[in-house]
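Chemist: Take this structure, written in structure tokens, and hold onto it; I'll ask about it next.
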Amino acid sequence: MRQALVIGGGLHGLSTALHLARTPGWQVTLLERRHVGRHSSGVNAGGVRRLGRALPEIALSVVAAEMWHGIQALVGDDCGFRATGQVKVAESAADMARNEARVAEVRALGWRHEEVVDQAEVRRLLPAVSPHVVGAIVTRDDGSADPMRTVMAFRAAAERAGVTIREGIAVTGLARTAEGTIRVQTDQGDFEAERVANCAGAWAPDLAALAGETIPCGTKASMMIVTERLPAFVDPTVGATARALSFKQTASGTVVIGGGHQGRSDKAAETSTVLFGSLAHAARIAAEIFPCVAQARIVRSWTGTEARPPDDMPVIGESRTLPGLFHSFGFAGHGFQLSPAAGAAVAELMARGATNLPVAAFSQDRFAVPA
Amino acid sequence: MKVVVVGAGPAGIRAVEQLVRAGVTPTWIEESPDGGGRITQRPPAGFTRSAAALYGADAGRARRLHATLDAMKPRTDWRPDTLVWNIRPQDRVLHTQTDGAAQAEVPYDALILCTGAMDRVLPLPGWTLPGVTTLGGAQVALKAQGVGIGAKPILVGTGPLLWLTALQYAKAGAKPALVLDTTPFLTKAWQAAGMMWNAPTFLRGIGIMAALRLRGVPIAEDATPLAIEGVEGATALHWRDAAWKEHVTPCDAVALGWGLKPESQLADLAGVPFDYDALQHNWVPRRDAAGRAPVAGVYMAGDGAGIGGAEVAELSGARAALALLADAKLPSDAALTAHLDGRLRTEARFRAALERAFPYPAKLAARMEDSTPVCRCEVITAGELRAAAAADAPEMNRAKAFSRIGMGRCQGRLCGTPAAEVLASALGVTVAEVGRLRGQPPVKPIPLQQPAA
């Protein structure tokens, strides 16, 4: 058996490990510093969304969408996935014009999942929406899933596929051995493998640095608030064309409001903090688009830490300084949906050195490496 | 120097008194419409019952506390009806909300948290029925509003509050249908020597127990509550006596309480580390004997800093303020400091005996039936929690992620204690090992639409 190590027990690490372990001939061990799903994998909003993706990400997200619709077959659990649709509302004629241009651009590339709808249709989809909403872009079979349940389902599937998951192990060094394999030094001894995946999220650029590779990347700590339970009033996940909003009512009736409003992250302490000033802004937007939540109360808030490259797109590709090491990080707050497909792509890269999955655009070569 | 005192119970009042004495004008924040705390809870303006009727043997202390409270208000930036719902320790800022709406950010250089305590409960079948409340809730209803939770209530739990509340209800004309103490008489008697460290309080406790018996209130010690029966509301309690015989006692309300736990979410948000206190059976924010937290500028006093009772709250409030003044190189009373240190040491011995006399019945929590709801906000049963344990949740925060326990409106303030017992016993570890739910803002629900201050 050929040995592979995956560093990072978030969803991308688990998905990569799962797909590689299902490739004949590979023995996979996953190392996680804390516990599986500790950071953004376990605490994101669970959006399963193609709608509004940056153009280079669409192809991979379309592959991922197909995998989500068959997620039960992939991991043996439905992950709480509900294809209730994603809707991005337009609040003005200018928004509508922007939406039409966007959808025309997407359709020109051959994609059909985004659709412009008028006021009557948006009202049918979102009966509780404010009267000022004039239309929307809709992706009808997008939806959302339960992040923690998804993490646990991927973990269980990976373990069934033969992956050894070791929690509480921190990687401290990466080096090439005389035999051409990679030695992964940890606080609990050395591991050796032919292929290593760097799926360490916000801490992945530091791992790249251990391998002597500089990849420009910041961090992100998107905040979310949750209201008390309300009667069911909306099925799809809702965003807005011109304003930062992500709005979803869960099966239990609570409303989860996000939209990329940033908290404060402390990478060294592995914590992040909610900043209420900008959350109040998110809450105001939410109440303007859904007036029925104006009187609701906030019961919880949280944030998770994630890597964010300068162009907000992931880094997927083999290390330039330590061949055999493959990066997969920097999903910048929109990696949840991509995880089944990205894991499959990285596993293929590791096993065969190539993949037909559309990840070429995410190579770190797109950044000018500082001397 | 900007000093903020959170809470105007016995600890907060005595802290502010010392600050004002040293020439400091603190901002004083209280969640209720008025100060006074819970044991010496003040009725709303216009209520006319006398202090003697309201507080019994505590009347003198209540009168003195309330007099200081009223004298201090004009000498501080007094903010009643104000909830502190978040702290940003990096910026030394509190987020507050007044009258359920107006938002403000309050900067501080030093902070004294006097956030009090709340009842510790033990879920049992039927505890979510209307008519079931906590002992503290039952007592506050009587003291502040002059209403009882029922005409023939049953009081269940252990601790001084159980007996005190029972006598107060009996005196008010709502004779309890049963007082059920889960602690055996001998467990209490065994600690009598230790409780002589505060002889007046101990003797008063003995007096209360005797008075209840004299009034013919049915009392069961070393008994086990089994279930609360009812459809629209609580109508009876099923219980088992020390001889393992089962009984059904009709009632119209039930109050539950097994001692107190610190309301320490603000200390948590301020970055104060917590330690498990095996004797109190509580997680307690770390502080020195004077009330200094290991976080610079943060002080704690009263039950929020570890359960000590109303008398200790007064002492520790004054002591924390003196520590703050000394640290800030402001004038502080050295003689008073030495006196308070002595009193606090003695009271700690009394408290240790009291905790041993009225232990939290951890075994009952661990044995809870699978179908009993532990978290009443999210309706998470003991069985679901055990399933989370089986799904590899080695500690409370992961059990929360798996089961939603503590995600509801109370944020685990109520369910955290029993949930930790259920999880620990399912995992076969100690309750200290399963940890505690991390605090998250908002500490209590706040409106989504936040009007500016």
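The values are calculated or read from the model by the stated rules, or taken from the named source; none is laboratory data. If you're wondering where the values come from, they're calculated on a predicted model, not measured in any experiment. Cβ: placed from backbone, ideal geometry, glycine included. Neighbour counts: every protein chain shown.
Chemist: Looking at the stretch B:371-405, which of the residues that are in contact with a Lys or Arg (Cβ under 7 Å, 6 or more places away or on another chain) and without any contact (Cβ under 8 Å) to a residue 40 or more places away in the chain is farthest from the other protein chains (Cβ to nearest Cβ)?
Modeler: First pass over the stretch B:371-405, keeping only residues in contact with a Lys or Arg (Cβ under 7 Å, 6 or more places away or on another chain): B:377-378, B:380, B:396-397.
Among the residues that remain, those that are also without any contact (Cβ under 8 Å) to a residue 40 or more places away in the chain are: B:377-378, B:380.
On the way: B:Cys377: 8, B:Glu378: 7, B:Ile380: 11 Å.
Per the stated criteria, the residue is B:Ile380.
Chemist: Right, something else. Check the stretch A:316-336 and report whether any residue there is among the basic types (Lys, Arg) and within 14 Å of chain B (Cβ to nearest Cβ).
Modeler: Step one: list which residues in the stretch A:316-336 are among the basic types (Lys, Arg), which gives A:320.
Filter once more, keeping what is within 14 Å of chain B (Cβ to nearest Cβ): none.
Looking through the stretch A:316-336, none of the residues is among the basic types (Lys, Arg) and within 14 Å of chain B (Cβ to nearest Cβ).
Chemist: How many residues does the stretch A:14-35 contain that are crowded, with 24+ Cβ neighbours inside 10 Å and in contact with a Phe, Trp or Tyr (Cβ under 9 Å, 6 or more places away or on another chain)?
Modeler: Of the residues in the stretch A:14-35, 7 are crowded, with 24+ Cβ neighbours inside 10 Å and in contact with a Phe, Trp or Tyr (Cβ under 9 Å, 6 or more places away or on another chain).
Each row is one residue, and each column tells you yes or no for (1) touching a His at 6+ places or on another chain (Cβ under 8 Å); (2) within 30 Å of A:Pro236 (Cα to Cα); (3) within 14 Å of chain B (Cβ to nearest Cβ).
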{"site": "A:Thr139", "(1), (2), (3)": "yes, yes, no"}
{"site": "A:Gly143", "(1), (2), (3)": "no, yes, no"}
{"site": "A:Val151", "(1), (2), (3)": "no, yes, yes"}
{"site": "A:Ala170", "(1), (2), (3)": "no, no, no"}
{"site": "A:Gln185", "(1), (2), (3)": "no, no, no"}
{"site": "A:Gln188", "(1), (2), (3)": "no, no, no"}
{"site": "A:Leu207", "(1), (2), (3)": "no, no, no"}
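Chemist: Among the strands (runs of 3 or more DSSP E) lying completely within the stretch A:233-293, list those that include at least 2 residues that are of a type in the set (Ser, Thr, Tyr). Steps first, please.
Modeler: On the way: elements: A:237-240, A:246-249, A:255-258, A:264-266, A:271-273.
Hits in the stretch A:233-293: A:271-273.
Chemist: In addition: Working carefully through the options A:Ala170, A:Ala161, find the one that is surrounded by fewer than 18 Cβ atoms within 10 Å (Cβ to Cβ) and touching a strand residue (DSSP E or B) at 6+ places or on another chain (Cβ under 6 Å). Walk me through it before giving the result.
Modeler: Details: A:Ala161 fails: touching a strand residue (DSSP E or B) at 6+ places or on another chain (Cβ under 6 Å).
Criteria check complete, one pass: A:Ala170.
Chemist: Looking only at the stretch B:232-258, which residues are among the acidic types (Asp, Glu) and either surrounded by fewer than 18 Cβ atoms within 10 Å (Cβ to Cβ) or assigned to a strand (DSSP E or B) (or both)? Steps first, answer last, please.
Modeler: Taking the stretch B:232-258 first, the residues among the acidic types (Asp, Glu) are B:232, B:241, B:246, B:252.
Correct list: B:Glu232, B:Asp241, B:Glu246.
Chemist: Now a separate question. Take the stretch A:290-313 and flag every residue that is without any contact (Cβ under 8 Å) to a residue 12 or more places away in the chain and among the aliphatic types (A, V, I, L, M). Can you show your working first?
Modeler: Taking the stretch A:290-313 and keeping what is without any contact (Cβ under 8 Å) to a residue 12 or more places away in the chain, we get A:294-295.
Correct list: A:Ala294 only.
Chemist: For the condition crowded, with 16+ Cβ neighbours inside 10 Å and modelled with pLDDT of 95 or more, what is the one hit in B:Pro74, B:Pro80? Reasoning before the result, please.
Modeler: Numbers: B:Pro74 fails: crowded, with 16+ Cβ neighbours inside 10 Å.
On inspection, the qualifying residue turns out to be B:Pro80.
Chemist: Regarding A:His113, is this residue under 23 Å from the mean Cα position of the chain (by Cα), surrounded by fewer than 19 Cβ atoms within 10 Å (Cβ to Cβ) and at pLDDT 95 or above? Spell out how you get there, then give the answer.
Modeler: Values: under 23 Å from the mean Cα position of the chain (by Cα): yes; surrounded by fewer than 19 Cβ atoms within 10 Å (Cβ to Cβ): no; at pLDDT 95 or above: yes.
In short, no.
Chemist: While we're here: Of B:Gly100, B:Gly60, B:Gly136, which residue is under 28 Å from B:Pro447 (Cα atoms) and in a helix (DSSP H, G or I)? Quick ask: steps written out before the conclusion?
Modeler: Details: B:Gly100 fails: in a helix (DSSP H, G or I); B:Gly60 fails: under 28 Å from B:Pro447 (Cα atoms).
None of the others qualify; the one that does is B:Gly136.
Chemist: If you go through the stretch A:36-92 one residue at a time, how many are assigned to a loop (DSSP other than H, G, I, E, B), among the acidic types (Asp, Glu) and buried (at least 20 other Cβ atoms within 10 Å of the Cβ)?
Modeler: Narrowing the stretch A:36-92 to residues assigned to a loop (DSSP other than H, G, I, E, B): A:36-39, A:44-46, A:49-54, A:70, A:76-81, A:83-85, A:91-92.
Imposing the further condition that a residue be among the acidic types (Asp, Glu) reduces the set to A:77-78, A:91.
Those left that are additionally buried (at least 20 other Cβ atoms within 10 Å of the Cβ): A:91.
Residues that pass the stated criteria total 1.
Chemist: Here is a further query. Just to verify a result, which residue in the stretch A:243-257, among those that are in contact with a helix residue (DSSP H, G or I) (Cβ under 7 Å, 6 or more places away or on another chain) and within 14 Å of chain B (Cβ to nearest Cβ), is nearest to A:Val299 (Cα to Cα)?
Modeler: A:Val255
For (1) crowded, with 17+ Cβ neighbours inside 10 Å; (2) in contact (Cβ under 8 Å) with a residue 60 or more places away in the chain; (3) within 26 Å of the chain's Cα centre (by Cα); (4) at positive phi, each residue gets a yes or a no:
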site: B:Ala227; (1), (2), (3), (4): no, yes, yes, no
site: B:Glu263; (1), (2), (3), (4): yes, yes, yes, no
site: B:Asp277; (1), (2), (3), (4): no, no, yes, no
site: B:Arg287; (1), (2), (3), (4): yes, no, yes, no
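Chemist: Out of (1) small (Gly, Ala, Ser); (2) within 14 Å of another protein chain (Cβ to nearest Cβ); (3) farther than 14 Å from B:Pro123 by Cα, what's the single condition that is false for B:Ala357?
Modeler: Going through (1) small (Gly, Ala, Ser); (2) within 14 Å of another protein chain (Cβ to nearest Cβ); (3) farther than 14 Å from B:Pro123 by Cα one by one, B:Ala357 breaks only (2).
Chemist: What's the number of the condition A:Glu91 fails, among (1) among the acidic types (Asp, Glu); (2) in contact with a strand residue (DSSP E or B) (Cβ under 7 Å, 6 or more places away or on another chain); (3) within 14 Å of chain B (Cβ to nearest Cβ)?
Modeler: Every listed condition holds for A:Glu91 apart from (3).
Chemist: Okay, moving on. Only one of A:Ala221, A:Ala282, A:Ala294, A:Ala240 is more than 30 Å from A:Arg33 (Cβ to Cβ) and away from chain B (no Cβ under 11 Å). Can you tell me which?
Modeler: Working: A:Ala221 fails: more than 30 Å from A:Arg33 (Cβ to Cβ); A:Ala282 fails: away from chain B (no Cβ under 11 Å); A:Ala294 fails: away from chain B (no Cβ under 11 Å).
Answer to the selection: A:Ala240.
Residue-by-condition table, conditions (1) buried (at least 18 other Cβ atoms within 10 Å of the Cβ); (2) under 26 Å from the mean Cα position of the chain (by Cα); (3) of a type outside the set (A, V, I, L, M, F, W, C):
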residue: B:Ala320; (1), (2), (3): yes, yes, no
residue: B:Leu324; (1), (2), (3): yes, yes, no
residue: B:Asp327; (1), (2), (3): no, no, yes
residue: B:Asp341; (1), (2), (3): no, yes, yes
residue: B:Thr346; (1), (2), (3): no, yes, yes
residue: B:Leu354; (1), (2), (3): yes, yes, no
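Chemist: Now for a separate question. Going by what's in this entry, would B:Ala151 be described as free of Cβ contacts under 8 Å to residues at least 12 places away in the same chain, farther than 29 Å from B:Gly383 by Cα and touching a strand residue (DSSP E or B) at 6+ places or on another chain (Cβ under 9 Å)? Break it down into steps so the answer makes sense when it comes.
Modeler: Details: free of Cβ contacts under 8 Å to residues at least 12 places away in the same chain: no; farther than 29 Å from B:Gly383 by Cα: yes; touching a strand residue (DSSP E or B) at 6+ places or on another chain (Cβ under 9 Å): yes.
Spelling it out, it is not the case that B:Ala151 is free of Cβ contacts under 8 Å to residues at least 12 places away in the same chain, farther than 29 Å from B:Gly383 by Cα and touching a strand residue (DSSP E or B) at 6+ places or on another chain (Cβ under 9 Å).
Chemist: Considering only the stretch B:395-453, state which residues are touching a helix residue (DSSP H, G or I) at 6+ places or on another chain (Cβ under 6 Å), of a type in the set (S, T, N, Q) and part of a helix (DSSP H, G or I).
Modeler: Scanning the stretch B:395-453 gives B:Ser403, B:Ser425.
Chemist: Out of all the residues in the stretch B:104-111, is one or more crowded, with 17+ Cβ neighbours inside 10 Å, hydroxyl-bearing (Ser, Thr, Tyr), assigned by TED's automatic domain parsing to the domain that holds B:His281 and assigned to a loop (DSSP other than H, G, I, E, B)? Give the steps one after another, and end with the answer.
Modeler: Step one: filter the stretch B:104-111 for residues crowded, with 17+ Cβ neighbours inside 10 Å, giving B:106, B:108, B:110-111.
From the residues that got through so far, the ones that are hydroxyl-bearing (Ser, Thr, Tyr) too are B:108.
Now restrict to residues that are assigned by TED's automatic domain parsing to the domain that holds B:His281: B:108.
Now narrow it down to the ones that are assigned to a loop (DSSP other than H, G, I, E, B): B:108.
Scanning the stretch B:104-111, I find at least one residue that is crowded, with 17+ Cβ neighbours inside 10 Å, hydroxyl-bearing (Ser, Thr, Tyr), assigned by TED's automatic domain parsing to the domain that holds B:His281 and assigned to a loop (DSSP other than H, G, I, E, B), so the answer is yes.
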